[in-house]
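Engineer: My questions will all concern the structure given below.
The values are calculated or read from the model by the stated rules, or taken from the named source; none is laboratory data. What you are looking at is a predicted structure, and each value in this text was computed from that prediction instead of being measured. Cβ placement follows ideal geometry from the backbone for every residue including glycine, while neighbour counts extend to all protein chains displayed. Please note that ligands, DNA and RNA were not included when accessible areas were found on the heavy atoms of the full protein model with its side chains. Shrake-Rupley method; radii C 1.70, N 1.55, O 1.52, S 1.80 Å.
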Amino acid sequence: MRVLVTGGAGFIGSAVVRHLVLEKGYEVLNVDKLTYAGTLTSVKNVETNPFYRFLQADICDGQAISAAISSFRPDRIMHLAAESHVDRSITGARDFVETNVLGTFTMLECARAYWQSLEPAGKEAFRFLHVSTDEVYGSLSEDGLFEETTPYDPSSPYSASKAASDHLAKAWTRTYGMPIVVSNCSNNYGPFHFPEKLIPLMIISALEGKPLPVYGNGVNIRDWLFVEDHARALDIIAERGRIGETYNVGGRNERRNIDVVKRICTLMDELHPAGKPHESLITYVQDRPGHDARYAIDATKLENELGWKAQENFDTGIEKTVKWYLENEWWWGPLRQNYDGSRLGLLKTVTQK
Ligand code: NAD
Ligand code: DAU
């Protein structure tokens with residue numbers, strides 16, 4: 001089995017690469033531009049594996065992508081490369097439109113040309129998995145869950161760009177008959193998570209005795225999934241998901257942001273007592289513009305149809321994650337050259353004269 005993974009130097013992509021190479025014994029070509037968010041240190045433990053190859057390329061570069069596909073001849077493409085941070089999309093959406101929309105378009109077109117050139121058996125077996133987010137569904141009130149049939153209603157430039165890419169993926173099946181499956185997942189957390197995102201930012205800031213910035217009043221809810229559970233789900237969806245279908249991925253672990261941050265503080269008090277009590281570092285700050293109130297996934301279709309189940313719950317997963325960051329400064333330390341922890345995503349205030 002040969003799998004081309006885009007974005008394999010990122011958080012989730014690197015978990016997918018590690019899973020496919022080390023657990024499944026698949027041949028993997030990792031195609032990644034290595035933006036600020038990508039680092040090959042996340043795939044260090046597969047870099048000398050004979051089943052693993054890396055190509056630095058931009059998914060918007062059709063020539064490079066076509067050449068990579070033609071020479072590697074994948075049985076599957078798992079497309080994860082994206083600009084992924086909501087706050088960055090608020091202050092600069094261009095990279096999001098380019099990579100998430102035009103990059104996905106380029107991936108679909110290059111994959112289509114290759115797929116059409118295959119012999120009938122290869123054509124039948126080929127799959128393209130488009131990896132997306134639950135943020136395309138917008139915001140939930142107190143009740144209800146995102147289902148695969150929930151209408152799209154994205155709030156941020158990031159989620160709007162991902163929604164556009166999902167529509168392209170669906171259209172490529174309906175119009176060209178391409179064997180594409182789409183997955184929409186909730187918030188991931190775990191090792192190798194770039195420290196601009198809530199959980200790693202809070203752990204590292206707590207370790208350094210810096211303020212822990214909680215947006216608004218901290219009652220926004222996210223549904224947390226351990227990244228290795230997501231990687232397993234993506235492999236299963238790529239293998240057995242029905243063509244043209246969407247599968248929601250989530251582990252039924254809804255938490256208010258403030259409760260996530262307090263849990264990290266309690267774990268830090270136990271594992272790194274020097275800065276105790278870490279809760280005193282919590283600081284409420286100006287809210288994110290367009291901040292979605294609540295996300296929560298109904299993963300019944302994936303569980304019943306494809307037999308996937310999350311193995312990690314939030315309590316065990318967050319403890320593993322805090323310990324991992326405390327033990328792996330070699331990984332996150334150098335990334336601070338790309339991002340120093342300062343606030344992102346605030347609009348400039350316009351003062352009335
Ligand atoms: P990430 O930001 O950690 O990694 C993205 C990777 O894509 C990086 O390695 C980066 O170098 C690469 N990349 C960016 N632009 C590129 C380009 N033009 N060409 C080639 N490579 C490029 O992101 P992540 O959190 O791992 O997310 C991966 C995918 O999963 C994204 O599509 C995201 O929308 C989706 N997703 C993320 C989450 C989450 O909680 N992080 C949840 C659901 C879905
Ligand atoms: O739901 C899936 C999405 O989850 C993915 O598609 C995105 O790629 C991923 O980044 C994530 O988006 P969020 O915006 O939910 O993640 P983030 O870690 O940025 O924020 C989580 C919550 O914490 C959100 O409600 C905003 C809040 N927050 C975030 C930061 C960085 C804070 O309160 N303080 C912070 O400093």
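Engineer: Among the numbered conditions (1) open to solvent by 50 Å² or more (accessible area, probe 1.4 Å); (2) farther than 17 Å from Thr173 by Cα, tell me where Ala113 comes up short.
Structural biologist: So the condition that Ala113 fails would be (2).
Engineer: In addition: Out of Val97, Val46, Val86, which single residue is of a type in the set (Val, Ile, Thr) and surrounded by fewer than 19 Cβ atoms within 10 Å (Cβ to Cβ)? Show your work before the answer.
Structural biologist: Details: Val46 fails: surrounded by fewer than 19 Cβ atoms within 10 Å (Cβ to Cβ); Val86 fails: surrounded by fewer than 19 Cβ atoms within 10 Å (Cβ to Cβ).
Matching residue, one of Val97, Val46, Val86: Val97.
Per-residue answers, yes or no, for (1) of a type in the set (Asp, Glu); (2) modelled with pLDDT under 95; (3) within 18 Å of the chain's Cα centre (by Cα):
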| residue | (1), (2), (3) |
| --- | --- |
| Gly144 | no, no, no |
| Tyr152 | no, no, no |
| Pro157 | no, no, yes |
| Ala171 | no, no, no |
| Cys185 | no, no, yes |
| Gly190 | no, no, yes |
| Leu207 | no, no, no |
| Leu212 | no, no, no |
| Asp223 | yes, no, yes |
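Engineer: Quick check on segment 52-74. Is at least one of its residues open to solvent by less than 20 Å² (accessible area, probe 1.4 Å), closer than 22 Å to Tyr189 by Cβ, away from ligand 1 (no atom under 14 Å from the Cβ) and not in a loop (DSSP other than H, G, I, E, B)?
Structural biologist: no
Engineer: Name the single residue, out of those in segment 2-31 being in a strand (DSSP E or B) and under 14 Å from the mean Cα position of the chain (by Cα), that is farthest from Glu239 (Cα to Cα). Reasoning before the result, please.
Structural biologist: Within segment 2-31, the first condition is being in a strand (DSSP E or B), and the residues that meet it are 2-6, 27-31.
Of the ones still in play, those that are also under 14 Å from the mean Cα position of the chain (by Cα) are 5-6.
Numbers: Val5: 14, Thr6: 17 Å.
Checked segment 2-31; the qualifying residue farthest from Glu239 (Cα to Cα) is Thr6.
Engineer: Please identify the pairs in which a residue from segment 57-80 that is over 23 Å from Pro120 (Cα atoms) has its Cβ atom under 6 Å from the Cβ atom of a residue that is open to solvent by 40 Å² or more (accessible area, probe 1.4 Å) and of a type in the set (Lys, Arg), counting only partners at least 6 apart or on another chain.
Structural biologist: Asp58/Lys33
Engineer: Any residue at all in segment 124-141 that's more than 13 Å from ligand 2 (Cβ to nearest atom), of a type in the set (Ser, Thr, Tyr) and more than 18 Å from Ala82 (Cβ to Cβ)?
Structural biologist: Of segment 124-141, the ones more than 13 Å from ligand 2 (Cβ to nearest atom) are 124-130, 141.
Filter again for of a type in the set (Ser, Thr, Tyr), leaving 141.
Narrowing further to those that are more than 18 Å from Ala82 (Cβ to Cβ): 141.
Yes, segment 124-141 contains at least one residue that is more than 13 Å from ligand 2 (Cβ to nearest atom), of a type in the set (Ser, Thr, Tyr) and more than 18 Å from Ala82 (Cβ to Cβ).
Engineer: When the residues of segment 309-332 are narrowed to those that are open to solvent by less than 20 Å² (accessible area, probe 1.4 Å) and hydroxyl-bearing (Ser, Thr, Tyr), which ends up farthest from ligand 2 (Cβ to nearest atom)?
Structural biologist: Taking segment 309-332 as the starting set, the residues that turn out to be open to solvent by less than 20 Å² (accessible area, probe 1.4 Å) are 314, 317-318, 321-322, 325, 331-332.
Of the ones still in play, those that are also hydroxyl-bearing (Ser, Thr, Tyr) are 321, 325.
Details: Thr321: 13, Tyr325: 14 Å.
Here the residue is Tyr325.
Engineer: Something else: So Pro211 fits all but one of (1) within 27 Å of Gly138 (Cβ to Cβ); (2) in contact with a Ser or Thr (Cβ under 6 Å, 6 or more places away or on another chain); what number is the exception?
Structural biologist: (1)
Engineer: Tell me the residue from Leu302, Leu306, Leu335 that is open to solvent by less than 30 Å² (accessible area, probe 1.4 Å) and in contact with a Phe, Trp or Tyr (Cβ under 6 Å, 6 or more places away or on another chain), please.
Structural biologist: Leu302
Engineer: Is segment 11-26 home to any residue that is among the small types (Gly, Ala, Ser), open to solvent by less than 10 Å² (accessible area, probe 1.4 Å) and out of contact with any helix residue (DSSP H, G or I) (no Cβ under 8 Å at 6 or more places or on another chain)? I'd like the intermediate steps shown before the answer.
Structural biologist: The first filter runs over segment 11-26 and keeps only residues among the small types (Gly, Ala, Ser), leaving 13-15, 25.
Imposing the further condition that a residue be open to solvent by less than 10 Å² (accessible area, probe 1.4 Å) reduces the set to 13-15.
Applying the additional criterion that residues be out of contact with any helix residue (DSSP H, G or I) (no Cβ under 8 Å at 6 or more places or on another chain) yields 13.
Among the residues of segment 11-26, at least one is among the small types (Gly, Ala, Ser), open to solvent by less than 10 Å² (accessible area, probe 1.4 Å) and out of contact with any helix residue (DSSP H, G or I) (no Cβ under 8 Å at 6 or more places or on another chain), which makes the answer yes.
Engineer: In segment 102-152, which residue that is within 16 Å of ligand 1 (Cβ to nearest atom), aromatic (Phe, Trp, Tyr) and assigned to a helix (DSSP H, G or I) is nearest to Phe72 (Cα to Cα)?
Structural biologist: Phe105
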